[in-house]
Amino acid sequence: MLQQGSKLYSIFHQKCPRCHQGDFYVYKNPFRWKNKLTIHDHCPHCKLKYMIEPSFFYGAMYVSYAVTVAMAVTFFIIGYWIGLDLLYNLIGIVVLLVLSNSFVMRISRLIYINMFVSYDKKYSNY
């Protein structure tokens with residue numbers, strides 16, 4: 001499932017969606033606040049242009065919304081199941097979403113570009 005060639009490999013290893021070799025982000029640390037979303041213009045390995053069209057990654061906002069809603073609903077259900085009060089459940093959801101903001105924004109961009117670009121084995125051995 002997380003082997004090279006799957007979309008999950010590209011997403012979780014933050015690699016190019018076409019070759020799975022080149023890094024997608026310039027800085028690997030998602031908590032580098034100043035440059036957390038800085039991506040390479042082209043893949044360092046296969047030269048895929050990441051910004052497919054102007055403002056391409058605006059669509060990643062919808063992916064980010066879906067990911068945060070899924071996280072919040074999951075936290076709420078688990079909190080309700082273990083008997084958390086509604087106020088504590090809400091506080092927990094807010095803390096979870098604030099702490100995971102950088103991670104979600106980066107993963108959302110990777111999920112979005114993987115919707116449009118598929119793995120191509122001929123570029124992985126470039």
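The values are calculated or read from the model by the stated rules, or taken from the named source; none is laboratory data. This structure is a prediction, so every number in the text was calculated from the model and none was measured. Every residue, glycine as well, gets a Cβ built from its backbone with ideal geometry; the counts of neighbours run over all protein chains shown.
Taking the criterion of being in contact (Cβ under 8 Å) with a residue 24 or more places away in the chain, of a type in the set (Val, Ile, Thr) and out of contact with any helix residue (DSSP H, G or I) (no Cβ under 6 Å at 6 or more places or on another chain), the residues of region 70-126 that qualify are Ile107, Ile113, Val117.
To keep it simple, each residue is scored yes or no on (1) surrounded by 15 or more Cβ atoms within 10 Å (Cβ to Cβ); (2) in a helix (DSSP H, G or I); (3) among the basic types (Lys, Arg).
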site: Tyr27; (1), (2), (3): no, no, no
site: Cys46; (1), (2), (3): yes, no, no
site: Val67; (1), (2), (3): yes, yes, no
site: Ser102; (1), (2), (3): yes, yes, no
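Given the condition modelled with pLDDT under 90 and under 12 Å from Met105 (Cβ atoms), answer yes or no: does some residue in region 21-30 qualify? There is at least one residue in region 21-30 that is modelled with pLDDT under 90 and under 12 Å from Met105 (Cβ atoms).
Summed over region 94-120, the residues that are under 15 Å from Ala66 (Cα atoms) and among the aromatic types (Phe, Trp, Tyr) give a count of 2.
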